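Have a look at the structure below before the remarks.
The values are calculated or read from the model by the stated rules, or taken from the named source; none is laboratory data. Fair warning: this is a prediction, and the values are worked out from it, not measured in the lab. Quick reminder, even Gly has a Cβ in these numbers, built from the backbone with ideal geometry, and neighbours come from all protein chains shown.
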Amino acid sequence: MEELYDVVALGELLIDFTENGISSQGNPILEANPGGAPCNVLAMLGKLSHPVAFIGKVGRDMFGSQLKSALEEVGIGTDGLLTDDNVHTTLAFVHSMPDGDRDFSFYRNPGADMMLDKTEVDSCSEMITGCKIFHFGSLSMTHDRCRKATKRAIELAEKSGVIRSFDPNLREPLWDSMKEAKEQIEFGLSHCDILKISDNEIRWLTGEEDYETGVKCIRERCDIPLILVSLGKEGSLAFSNSHKAMVKPFIQPDTIETTGAGDTFCALVLHYVLKHGLRDYSEDELTEMLTFANAGASIITTRKGALRVMPSEDEIKALISKTVRG
């Protein structure tokens with residue numbers, strides 16, 4: 001069967017209200033940015049000319065319409081984007097901390113992204129079985145209904161031999177308990193071929209301070225051919241079955257915020273896999289992969305939002321070239 005898409009992602013699509021200055025009365029001004037990790041990943045891949053599509057749910061409201069338009073604008077297929085008549089589009093309010101980290105407040109009890117169900121995934125089955133990589137996170141596994149939908153999609157991808165990519169993207173306030181979060185994230189680990197995990201997530205999941213030891217703990221339980229660990233200002237690590245690599249970050253003097261940096265990084269790793277196939281990469285290949293991914297992630301930190309402002313391949317290559325020359 002010929003693939004319809006390079007990457008299909010399932011999960012949350014929401015509005016990120018991000019701070020953008022102070023009003024004349026001293027109140028914070030909030031900008032309604034299209035958000036949600038899966039679509040940030042797709043937006044970066046679309047920028048690199050990969051055919052991509054999204055499966056998820058928004059509300060029948062002004063924000064749902066805004067999100068659909070944003071996906072269409074950046075070239076993300078919306079055949080799998082469904083609308084809920086009764087539940088509003090999920091909202092997140094993002095407060096940027098002085099150190100560049102972020103604090104999230106979610107309006108999602110419930111939110112439309114949680115209302116995707118198993119039968120609706122079945123209606124999108126050809127999108128999942130007809131792609132090269134299926135990408136998912138853990139936010140679509142926080143509640144029973146969307147959890148069953150996500151697991152059905154994973155099952156369809158697995159049975160069709162589709163590469164599965166997983167980014168836990170842990171958001172503690174959205175889980176009833178951290179025990180439940182760990183159980184569901186471990187399910188994701190046991191059903192993926194590519195894992196992108198952050199430094200704080202690997203410490204929380206394994207209890208190990210050393211990232212290499214943490215990856216070893218994960219590998220003892222799950223056979224994952226490619227594991228990426230994003231380390232923020234410390235760069236990133238990659239582990240194939242036989243090799244590993246670490247690449248330093250591209251530090252930008254004009255960084256504004258880190259929103260979308262991990263998603264951009266993840267997308268650029270998937271871009272490398274699409275170009276070269278998923279295999280036991282050498283240290284040099286892992287280094288090449290991480291260098292490109294780190295550079296793209298650093299560029300997005302200089303821009304407000306993520307989905308609409310992803311860097312081009314030429315911008316990423318220019319930054320790498322400039323840094324190497326420098």
Next on the checklist: Scan the stretch 261-274 and tell me whether some residue there is at pLDDT below 95 and polar (S, T, N, Q).
Outcome noted: no
Next on the checklist: Condition (residue is out of contact with any strand residue (DSSP E or B) (no Cβ under 7 Å at 6 or more places or on another chain), assigned to a helix (DSSP H, G or I) and either surrounded by fewer than 20 Cβ atoms within 10 Å (Cβ to Cβ) or modelled with pLDDT under 95 (or both)) applied to the stretch 105-118: is it met by at least one residue?
Outcome noted: yes
Checklist outcome for this item: Within the stretch 76-99, the residues that are under 20 Å from I300 (Cα atoms) and either over 17 Å from the mean Cα position of the chain (by Cα) or at pLDDT below 95 (or both) are A92, F93, V94, H95, S96, M97, P98, D99
Checklist outcome for this item: Subset of the stretch 133-158, residues touching a Ser or Thr at 6+ places or on another chain (Cβ under 8 Å) and in a helix (DSSP H, G or I), comes to S140, M141, C146, R147, A149, T150, L156, A157
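Test of understanding: among I202, I163, I194, which residue is crowded, with 24+ Cβ neighbours inside 10 Å, at pLDDT 95 or above, more than 30 Å from V87 (Cα to Cα) and of a type in the set (A, V, I, L, M, F, W, C)?
Details: I163 fails: crowded, with 24+ Cβ neighbours inside 10 Å; I194 fails: crowded, with 24+ Cβ neighbours inside 10 Å.
Residue meeting the stated conditions: I202.
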Checklist entry - Which of (1) surrounded by 14 or more Cβ atoms within 10 Å (Cβ to Cβ); (2) within 26 Å of E19 (Cα to Cα); (3) touching a residue at least 24 places away in the same chain (Cβ under 8 Å) is the odd one out, the single condition T287 does not satisfy? => result (2)
Item to check | Residue ID - surrounded by the fewest Cβ atoms within 10 Å (Cβ to Cβ), chosen from residues in the stretch 55-67 that are more than 21 Å from A153 (Cα to Cα) and either among the aliphatic types (A, V, I, L, M) or within 18 Å of the chain's Cα centre (by Cα) (or both) | outcome: M62
Next on the checklist: Residues that are at negative phi and assigned to a loop (DSSP other than H, G, I, E, B): does the stretch 212-221 have at least one?
Outcome noted: no
Next on the checklist: For the stretch 160-188, give me each residue that is in contact with a helix residue (DSSP H, G or I) (Cβ under 6 Å, 6 or more places away or on another chain) and part of a helix (DSSP H, G or I).
Outcome noted: Q184
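Assigned to a loop (DSSP other than H, G, I, E, B), of a type outside the set (A, V, I, L, M) and touching a Gly at 6+ places or on another chain (Cβ under 8 Å): is that true of T89 in this structure?
Working: assigned to a loop (DSSP other than H, G, I, E, B): yes; of a type outside the set (A, V, I, L, M): yes; touching a Gly at 6+ places or on another chain (Cβ under 8 Å): yes.
Yes; evaluated as a whole, the condition is true for this residue.
Quickly run through the stretch 228-252 and pick out the residues that are of a type outside the set (A, V, I, L, M) and closer than 22 Å to L319 by Cβ. So that I can check it myself, show each step before the final result.
Initially, the stretch 228-252 is screened for residues of a type outside the set (A, V, I, L, M), giving 230, 232-236, 239-244, 248-250, 252.
Selection gives S230, G232, K233, E234, G235, S236, K248, P249, F250, Q252.
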